[in-house]
Amino acid sequence: MGKKYVGKLFMGMALIFICTVYYAFISINHSGFSIFTFHTFFFMLLWSFFHSSFSEPGQVPPYWGFYMGDSENKRKRYCLLCHVFKPDRCHHCSICNRCILNMDHHCPWINNCIGFFNRKLFMLMLFYALISGYYVLCSTLPIAYSICKNSFYIRKFTNNEIVFLCINGILLFICIMLTKFTSFHVKLILKNSTTIESLENSYNSRYCISTYRNFIQVFGRQWYLWFIPYYGKAGMPAGDGISWPMINPESLDSDVNVESETNQRESSAKHVSAVSNNDVWPSENRGPSPFSVAQGDKLSVDPETDTSFIRLNPNLSN
Ligand SMILES: [Zn+2]
Ligand SMILES: [Zn+2]
């Protein structure tokens, strides 16, 4: 089994662990409503897990930045591996081996990248894992308390009780770790940042337009779809993952004044945050730009797509 399936296998084991604890110790004492509640949370967790595993995180649109009329601002960063121009906040994932729009990170647990178009699914997976975990934990706590109370004053622990307490400890540890991880990601979303920007210290505070607008850039505008791992047409994240509304620098200390979408498209690339040398294009010491057509190379126009489009690869031109 390849390395890429290890994370999914671990995640599957964690799901089975939660289920086992529930069915072995809790379900027998629970009413119908409690059982329905747990299964609803668990179903949403499974749905989020599978949907985020197989969803598209967001790829750079074909020929983006390659059109003759495109602004030079689009051509600041070039991926030498994918041969695409990289919009703001787009990064190359070395595991998926492609560029991802607004890449947050590559998640080993689902073996998929978290990007602009599936971040909500990832967050919902964390959310429902957290709720399911705490639901089981809170249900086992009264049993654990009674075991400890009786054993401490009256008798010694039996083997079964020790196993139960150990499982409870593992569950508590998982819940604490999940809480920290989820709160970290919630903070990033509310200030319109990503894990990569946080780790690289390349966060641009001008992306933080307001808590609500930051939120709907991940979860979409339709509130009734916020807690469902499904987008539909109405629930897509606000924006396109390419151009980002920003706060005017003059208004950072006063009222929030978001640049218009049209102006932003032109200005966003001017505020490219710190990027590694591999990301930057063009550069004097990196050889010719893909736009500098060598002598003898032909410029061919594709009339079916756009008359201003230039085929840059001379091998493709007739
Ligand atoms: Zn790339
Ligand atoms: Zn990836």
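Return yes when L121 is part of a helix (DSSP H, G or I), surrounded by fewer than 16 Cβ atoms within 10 Å (Cβ to Cβ) and touching a helix residue (DSSP H, G or I) at 6+ places or on another chain (Cβ under 9 Å) and no when it is not. No. Here F38 passes the criteria (1) within 25 Å of L126 (Cα to Cα); (2) more than 14 Å from ligand 2 (Cβ to nearest atom); (3) surrounded by fewer than 16 Cβ atoms within 10 Å (Cβ to Cβ) except the one numbered (3).
Tallying residues that are under 16 Å from Y135 (Cβ atoms) and free of Cβ contacts under 8 Å to residues at least 24 places away in the same chain within the range 169-192 yields 1. Give me the pairs, please: first residue somewhere in the range 100-126 and under 19 Å from Y5 (Cβ atoms) and in contact (Cβ under 8 Å) with a residue 12 or more places away in the chain, second residue anywhere and part of a helix (DSSP H, G or I) and within 16 Å of ligand 1 (Cβ to nearest atom), beta-carbon distance under 7 Å, and either six or more positions apart or on two chains. Close Cβ pairs satisfying both conditions: H105/I196.
Applying the selection to the range 70-111, what residues are among the charged types (D, E, K, R), within 12 Å of ligand 1 (Cβ to nearest atom) and in contact with a helix residue (DSSP H, G or I) (Cβ under 6 Å, 6 or more places away or on another chain)? Hit for the range 70-111 is R77, nothing else.
Taking the range 87-109, which residues are near ligand 2 (Cβ under 10 Å from one of its atoms), surrounded by fewer than 24 Cβ atoms within 10 Å (Cβ to Cβ) and either closer than 16 Å to W244 by Cα or not polar (S, T, N, Q) (or both)? H92, C93, I95, C96, R98, H105, H106, C107, P108 - these are the residues of the range 87-109 that are near ligand 2 (Cβ under 10 Å from one of its atoms), surrounded by fewer than 24 Cβ atoms within 10 Å (Cβ to Cβ) and either closer than 16 Å to W244 by Cα or not polar (S, T, N, Q) (or both). Go through the residues of the range 49-65 one by one and say whether even a single one is more than 15 Å from ligand 1 (Cβ to nearest atom), more than 26 Å from the chain's Cα centre (by Cα) and touching a residue at least 60 places away in the same chain (Cβ under 8 Å). There is no residue in the range 49-65 that is more than 15 Å from ligand 1 (Cβ to nearest atom), more than 26 Å from the chain's Cα centre (by Cα) and touching a residue at least 60 places away in the same chain (Cβ under 8 Å).
Can you pull out the residues in the range 45-83 that are within 16 Å of ligand 2 (Cβ to nearest atom) and under 29 Å from L124 (Cβ atoms)? S52, S53, F54, S55, E56, P57, G58, Q59, V60, C82 - these are the residues of the range 45-83 that are within 16 Å of ligand 2 (Cβ to nearest atom) and under 29 Å from L124 (Cβ atoms).
Checked against (1) assigned to a strand (DSSP E or B); (2) more than 16 Å from ligand 2 (Cβ to nearest atom), I147 passes all but a single condition, namely (1). Of all residue pairs spaced 6 or more apart or on separate chains, those with beta-carbon atoms under 6 Å, a first member in the range 200-212 that is part of a helix (DSSP H, G or I) and a second member that is crowded, with 18+ Cβ neighbours inside 10 Å and of a type in the set (S, T, N, Q) are Y207/N192. For the range 157-175, check the following and say yes or no: at least one residue is under 30 Å from C208 (Cβ atoms) and either touching a strand residue (DSSP E or B) at 6+ places or on another chain (Cβ under 9 Å) or at pLDDT below 95 (or both). Yes, that holds for at least one residue.
The values are calculated or read from the model by the stated rules, or taken from the named source; none is laboratory data. Remember, predicted model here, so these are calculated numbers, not experimental data. Don't worry about glycine lacking a Cβ; one is built from the backbone with ideal geometry, like all the others, and counts go over all protein chains shown.
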